[in-house]
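Structure record follows, encoded as structure tokens.
The values are calculated or read from the model by the stated rules, or taken from the named source; none is laboratory data. Bear in mind the structure is a predicted one, so any value in this text is a computation, not a measurement. We place every Cβ from the backbone using ideal geometry, glycine too, and count neighbours over all the protein chains shown.
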Amino acid sequence: MVISLTGFMGVGKSTIAASLSKHLYCKLIDLDKYIEESHGGIPIVELFGLSGQEVFRNAEEKALEDILSNNREKVLILSLGGGALLSHKNRELIKTMTYCIYLKASLETLTSRLEKSHKQRPLVKDSEGLFQSGKIAELFHEREPGYQECASHVIDVDNLSMKDILIKIMDVL
């Protein structure tokens, strides 16, 4: 069983996936880290800058297909990048080959979190202030339909602790 975690950047996918894999004693693959490793350790922010979003999204499709088609784990936690489900191909792979949990947060929560870490986020790293908030809202509204389409289950993470989120995930598995 592959349990994929999706949601917008800043929702906590990587952190929650790491904790979940420890609780389930299973392997974790973070899609962004997998892509970085397969490109010689180049950080995602640099990959975006060097190659552009289209080249990155193509690499993301290939990486996701490789992970899912070569998986031999009984249970695997897969943390998706925030934009992974923009791709029709990726949405079909996630819907047919994983149990997908959409970690949903309000735009207000996401904006607050991203304002603190925007330099590490390739699509908002050069944005400041009100423009940044507008860019975050624009990206969220573009991506949210993919999260909803693929979700086997939705968990609203606003105001929940890590422990509460893990309990909610364990309850649905």
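Of all residues in the stretch 52-99, count the ones that are in contact with a Leu (Cβ under 9 Å, 6 or more places away or on another chain), under 25 Å from Ile136 (Cβ atoms) and not aliphatic (A, V, I, L, M).
Residues flagged as in contact with a Leu (Cβ under 9 Å, 6 or more places away or on another chain), under 25 Å from Ile136 (Cβ atoms) and not aliphatic (A, V, I, L, M) within the stretch 52-99 amount to 12.
Yes or no: the stretch 114-133 includes at least one residue that is assigned to a helix (DSSP H, G or I), surrounded by 13 or more Cβ atoms within 10 Å (Cβ to Cβ), among the aromatic types (Phe, Trp, Tyr) and modelled with pLDDT under 95.
Taking every residue of the stretch 114-133 in turn, none turns out to be assigned to a helix (DSSP H, G or I), surrounded by 13 or more Cβ atoms within 10 Å (Cβ to Cβ), among the aromatic types (Phe, Trp, Tyr) and modelled with pLDDT under 95.
State whether one or more residues within the stretch 135-145 are modelled with pLDDT under 95, surrounded by 12 or more Cβ atoms within 10 Å (Cβ to Cβ), more than 19 Å from Ser87 (Cα to Cα) and among the charged types (D, E, K, R).
Looking for residues that are modelled with pLDDT under 95, surrounded by 12 or more Cβ atoms within 10 Å (Cβ to Cβ), more than 19 Å from Ser87 (Cα to Cα) and among the charged types (D, E, K, R), one finds at least one in the stretch 135-145, hence yes.
Could you check the stretch 147-169 and list, in sequence order, the residues that are in a helix (DSSP H, G or I) and out of contact with any strand residue (DSSP E or B) (no Cβ under 8 Å at 6 or more places or on another chain)?
The answer is Glu149, Met162, Lys163, Asp164, Leu166, Ile167.
I need the full set of residues from the stretch 146-173 which are hydroxyl-bearing (Ser, Thr, Tyr) and either modelled with pLDDT under 95 or out of contact with any helix residue (DSSP H, G or I) (no Cβ under 9 Å at 6 or more places or on another chain) (or both), in order please.
Ser161
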